[in-house]
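Encoded as structure tokens, the structure appears first; notes follow it.
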Amino acid sequence: MRTVRTVAELRSTLTPARREGLTIGLVPTMGALHEGHLSLIRHAREHCDLVVVSLFVNPAQFNERSDLERYPRRESDDAAQAAAVGADVLFAPSVEEVYPTGFATTVEVLGVTERLEGAARGPEHFRGVATVVTKLLCMALPDVAYFGQKDAQQVVVIRRLTADLNLPVRIEALPTVREPDGLAMSSRNALLTPAERAQALALPAALAAARDLAVTGERATAALLDAARQAMLPFDVEAEYIALVEPDTLEPIDALSGPALLALAARIGEVRLIDNEVLQPAATATAARQTPSQPLQGKTTATCSA
Ligand code: AMP
């Protein structure tokens, strides 16, 4: 695996491959790689000729300075892990490379950024995400870019921006990878104390409670959200938000009548975690239980022919 730090080096590495007709897959990350990231890289490896992993802790998407400062950074471990699962190129630019002096352009997606994480973290968060993802796509020009369903709203925002800006890339969302006890893997989990790690199980417990109630035939959003909130109480954790929304528009819904995204965020000590699951109404709930974190648009199998 080759590590490159500038856009010029990235381009000179990828251009010959693209000319030969090889397909390029991009996995954008902020590093501190875990099995969730590795599942994306492995999937890209299976479906693309050339796999690029980007590693950039994007200051523009952090709405809290302390979160940015605390964010785990371990590039040499990340490089070893990415290489071990078959990445060809690690693109690890500096902040100055991504945002040089005079940088003045941002990408702002309206509508779908205004709820859930956007409402909780403020407009700068998704402006930062949309801007850096657009830049990474323009830098690497991949055929396919892979994202985790763990950040469900991010996937919706990125699908919106690639469609709106006619970017010639396919966006693939892959299922959330969880610890054996159900906690969604996250780079921020490393910041939890052992006691907080136990409390963090409030998030998957909330999702399980709503899912279990939906399986019994309950469709009312109020009842499903109430069950989810109640399940968090024994952990002494309160949701920052918890919502049942339409999966593509993220508009709140009153009742389950088809697949719906149950999304929540909670602060455990200083660490803010998010999780989500697609709920199905009872008639199709068995299938939903078998694949609790399936991607919203069913694109789990990518071929790299964009
Ligand atoms: P991050 O480094 O947190 O920005 O994440 C980089 C990519 O990995 C994003 O597309 C995330 O949605 C994805 N990701 C993070 N955690 C998981 C997980 N537990 N399972 C699957 N994908 C994940």
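Consider region 31-84 and keep the residues that are of a type in the set (D, E) and under 19 Å from the mean Cα position of the chain (by Cα). The one that is farthest from V95 (Cα to Cα) is E35. Would you check if L203 is modelled with pLDDT of 95 or more, within 26 Å of V112 (Cβ to Cβ) and under 18 Å from the mean Cα position of the chain (by Cα)? Taking the combined requirement at face value, the residue satisfies it. Give me a count of the residues in region 152-162 that are touching a Ser or Thr at 6+ places or on another chain (Cβ under 9 Å) and surrounded by fewer than 21 Cβ atoms within 10 Å (Cβ to Cβ). Residues in region 152-162 being touching a Ser or Thr at 6+ places or on another chain (Cβ under 9 Å) and surrounded by fewer than 21 Cβ atoms within 10 Å (Cβ to Cβ): 2 in total. Checking each residue of region 26-49 against the condition of being outside any helix (DSSP H, G or I), in contact with a Lys or Arg (Cβ under 9 Å, 6 or more places away or on another chain), more than 8 Å from the ligand (Cβ to nearest atom) and within 19 Å of I171 (Cα to Cα) gives no match.
Note on region 59-75: residues that are in contact with a Leu (Cβ under 8 Å, 6 or more places away or on another chain) and charged (D, E, K, R) amount to 2.
One line per residue, one yes/no per condition, for (1) farther than 26 Å from T131 by Cβ; (2) of a type outside the set (A, V, I, L, M, F, W, C); (3) outside any loop (DSSP other than H, G, I, E, B); (4) within 15 Å of the ligand (Cβ to nearest atom):
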position: E172; (1), (2), (3), (4): no, yes, yes, yes
position: D181; (1), (2), (3), (4): yes, yes, no, yes
position: A190; (1), (2), (3), (4): yes, no, yes, yes
position: A195; (1), (2), (3), (4): yes, no, yes, no
position: L207; (1), (2), (3), (4): yes, no, yes, yes
position: Q230; (1), (2), (3), (4): yes, yes, yes, no
position: P234; (1), (2), (3), (4): yes, yes, yes, no
position: E240; (1), (2), (3), (4): no, yes, yes, no
position: L244; (1), (2), (3), (4): yes, no, yes, no
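Could you check, for region 7-22, whether at least one of its residues is within 12 Å of the ligand (Cβ to nearest atom) and outside any loop (DSSP other than H, G, I, E, B)? Looking through region 7-22, none of the residues is within 12 Å of the ligand (Cβ to nearest atom) and outside any loop (DSSP other than H, G, I, E, B). The number of residues in region 56-82 that are aliphatic (A, V, I, L, M), buried (at least 18 other Cβ atoms within 10 Å of the Cβ) and over 25 Å from R267 (Cα atoms) comes to 2.
If you take the residues in region 212-258 that are exposed (fewer than 15 other Cβ atoms within 10 Å of the Cβ) and among the hydroxyl-bearing types (S, T, Y), which one is farthest from I158 (Cα to Cα)? That would be T216.
The residues of region 242-286 that are of a type outside the set (G, A, S) and within 21 Å of S187 (Cα to Cα), listed by number, are L264, R267, I268, E270, V271, R272, L273, I274, D275, N276, E277. Against the test of being touching a Gly at 6+ places or on another chain (Cβ under 7 Å) and among the aliphatic types (A, V, I, L, M), the options V109, V98, V51 yield a single qualifying residue, V51. Here D164 passes the criteria (1) more than 8 Å from the ligand (Cβ to nearest atom); (2) in contact (Cβ under 8 Å) with a residue 60 or more places away in the chain; (3) within 22 Å of L116 (Cβ to Cβ) except the one numbered (2). Within region 20-34, residues that are touching a residue at least 40 places away in the same chain (Cβ under 8 Å) have Cβ atoms under 6 Å from residues that are within 11 Å of the ligand (Cβ to nearest atom) and among the hydroxyl-bearing types (S, T, Y) in these pairs: V27/Y146; P28/S54; A32/S187, counting only partners at least 6 apart in sequence or on another chain.
The values are calculated or read from the model by the stated rules, or taken from the named source; none is laboratory data. These figures come from a predicted structure and were not determined experimentally. Virtual Cβ from ideal backbone geometry, glycine too; neighbours counted across all protein chains shown.
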